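Structure first, then comments.
The values are calculated or read from the model by the stated rules, or taken from the named source; none is laboratory data. These numbers were taken from a predicted model, which means no experiment stands behind them. No Cβ is skipped: glycine too gets one built from the backbone with ideal geometry, and neighbour counts run over all protein chains shown.
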Amino acid sequence: MGHEKTNSGESLTRLIVQSYMEAFNLWKEGAFVVWGAIVVPAEIFRGFDNVVYCCPESHAAMCAAKGAGPDLSQIAEALGYSLDLCSYPRIDIGCVSGGRKLSPTSGLPKPNLLVSDNNNCSLLVKWFDVHHRNMNVPHFIIDVPFCYEPQAEKDLDYILTQFNDLISTVERLSGQTFDINKFYDASMQTARALFEWKRFLECAKHRPSGLTVFDSFVQMAPLFTSRGRTELVEHYKLLADETEERVNNGVFPVPNEKYRLLWDNIAPWHRLHKMDMHLRELDANIVAAPYTSCIGGLEGSFELFELALGKDPLWYMARTQNMSVCPYGLDLRFDAMSWAIEQIGIDGIIFASNRSCKVFSVMQMDLQKRISEKYKIPTVMIEIDHADPRKFSDESANMRLDALVENIASVRSSV
Ligand code: SF4
């Protein structure tokens with residue numbers, strides 16, 4: 001989208017501010033606070049009267065986007081946490097270790113329970129364990145089997161058992177009773193929001209694309225801060241309607257779009273605007289990223305996986321525990337990327353090798369080779385860190401992005 005403030009841009013700011021303010025207000029009034037990892041189904045907590053849910057990964061990404069990443073990381077590094085650790089835990093540990101004032105939201109309300117999972121990486125469990133020890137707060141770990149292929153029935157049952165255990169744990173620790181109808185309602189709101197999210201992403205199929213990947217990076221935040229709420233549905237409906245309307249009116253973020261690119265990895269939160277501007281000058285547009293397209297889908301495809309009427313929402317939550325593309329095995333990563341290339345129309349791929357997220361980056365060279373062999377489209381590997389600009393060079397990244405665009409142009413002129 002352009003850089004004038006759109007209605008959905010304003011709605012995004014309102015929703016984010018409201019979710020953090022509400023968390024702090026309810027905490028002050030005595031609510032039970034849960035810090036949960038990004039893939040933990042927050043809808044479960046909406047099944048309780050007075051449980052507040054916060055997401056440290058999402059908060060760390062926001063701190064990075066607002067430029068607080070290095071200062072917060074340095075607080076953690078001074079405590080002995082290595083610069084080689086993922087920048088999300090460094091930012092988060094820095095924030096709770098004296099850096100609150102550096103956060104745009106003054107951090108998160110103090111938790112009563114930590115809920116991590118190992119879907120994305122095992123580092124996350126260790127990170128939450130640091131809080132468990134330092135804050136003396138219970139830590140519930142959801143063990144999600146690794147996703148080399150579509151989820152097996154026995155893995156789904158195993159996850160379901162743990163969800164039920166999580167519900168009993170929250171009941172026991174908070175003294176509140178789980179209301180299944182409230183949980184069903186929250187699950188339905190999220191399902192409706194995901195439908196609208198997919199409708200928004202669909203606008204990338206248009207040529208020129210109705211959005212840039214930077215729009216989807218920025219707009220994904222409420223999917224982790226406001227799950228299960230009607231405001232979430234309203235927001236994404238507005239976003240999808242507004243984006244569709246702009247496409248219908250011939251308004252595009254990169255009007256002379258010549259190069260349609262795909263981004264592989266987490267967003268470079270500290271460089272969204274700069275990288276977007278650089279690419280616009282080249283008439284290039286990163287139109288999609290598996291990182292945002294996988295939300296609401298299942299392994300190997302980015303189509304919406306719907307919560308069917310009559311289906312148990314807890315079953316749906318367990319089935320979608322492997323929705324995040326980052327920990328897929330190579331075959332599923334290849335299938336998912338192929339889906340994007342074929343469905344969205346991609347001229348070139350940027351593999352962003354992320355110093356922080358090793359699990360997302362470790363197989364990129366193999367993936368790059370397989371994609372190049374099958375699709376014969378130019379690709380490039382650039383070095384990033386999603387939240388630490390000290391491990392990123394504009395010159396080097398821009399040089400490679402320029403080379404990718406030149407490469408696409410020369411392939412075109414040779415056919
Ligand atoms: S290493 Fe990757 S998956 Fe793990 S916490 Fe960091 S960003 Fe998330």
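Listed conditions (1) in contact (Cβ under 8 Å) with a residue 24 or more places away in the chain; (2) among the hydroxyl-bearing types (S, T, Y); (3) surrounded by fewer than 14 Cβ atoms within 10 Å (Cβ to Cβ) are all met by T161, apart from (1).
Residues are listed down the side, and each one gets a yes or a no for (1) polar (S, T, N, Q); (2) over 15 Å from I266 (Cβ atoms); (3) modelled with pLDDT under 95:
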{"site": "G348", "(1), (2), (3)": "no, yes, no"}
{"site": "Q364", "(1), (2), (3)": "yes, no, no"}
{"site": "D385", "(1), (2), (3)": "no, no, no"}
{"site": "R390", "(1), (2), (3)": "no, yes, no"}
{"site": "E395", "(1), (2), (3)": "no, yes, no"}
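The set of residues in the stretch 106-123 that are at pLDDT 95 or above and near the ligand (Cβ under 10 Å from one of its atoms) contains only S116. Considering G94, G98, G9, the condition of being part of a helix (DSSP H, G or I), within 16 Å of the ligand (Cβ to nearest atom) and not β-branched (V, I, T) is satisfied by G94 alone.
Checked against (1) on the phi > 0 side of the Ramachandran plot; (2) touching a His at 6+ places or on another chain (Cβ under 8 Å), A387 meets all criteria but (1). Any idea which of K274, K311 is of a type in the set (D, E, K, R) and free of Cβ contacts under 8 Å to residues at least 24 places away in the same chain? Only one candidate passes the filter, namely K311. Residues in the stretch 359-407 that are exposed (fewer than 15 other Cβ atoms within 10 Å of the Cβ) and within 14 Å of I346 (Cα to Cα) were compared, and the one that is nearest to the ligand (Cβ to nearest atom) is S372.
For E57, the stated conditions hold: it is within 16 Å of the ligand (Cβ to nearest atom) and surrounded by fewer than 24 Cβ atoms within 10 Å (Cβ to Cβ).
Can you confirm whether the stretch 209-230 contains a residue that is farther than 30 Å from N7 by Cα, modelled with pLDDT under 95 and either surrounded by 23 or more Cβ atoms within 10 Å (Cβ to Cβ) or hydroxyl-bearing (S, T, Y) (or both)? Checking the stretch 209-230: not a single residue is farther than 30 Å from N7 by Cα, modelled with pLDDT under 95 and either surrounded by 23 or more Cβ atoms within 10 Å (Cβ to Cβ) or hydroxyl-bearing (S, T, Y) (or both). So which residues in the stretch 300-332 are within 16 Å of the ligand (Cβ to nearest atom), assigned to a loop (DSSP other than H, G, I, E, B) and more than 17 Å from I349 (Cβ to Cβ)? Residues satisfying the conditions are M323, S324, P327, G329.
Scanning the stretch 268-296 for residues that are within 16 Å of the ligand (Cβ to nearest atom), modelled with pLDDT of 95 or more and either part of a loop (DSSP other than H, G, I, E, B) or outside the structural domain of S361 (by TED's automatic domain parsing) (or both) gives P268, A289.
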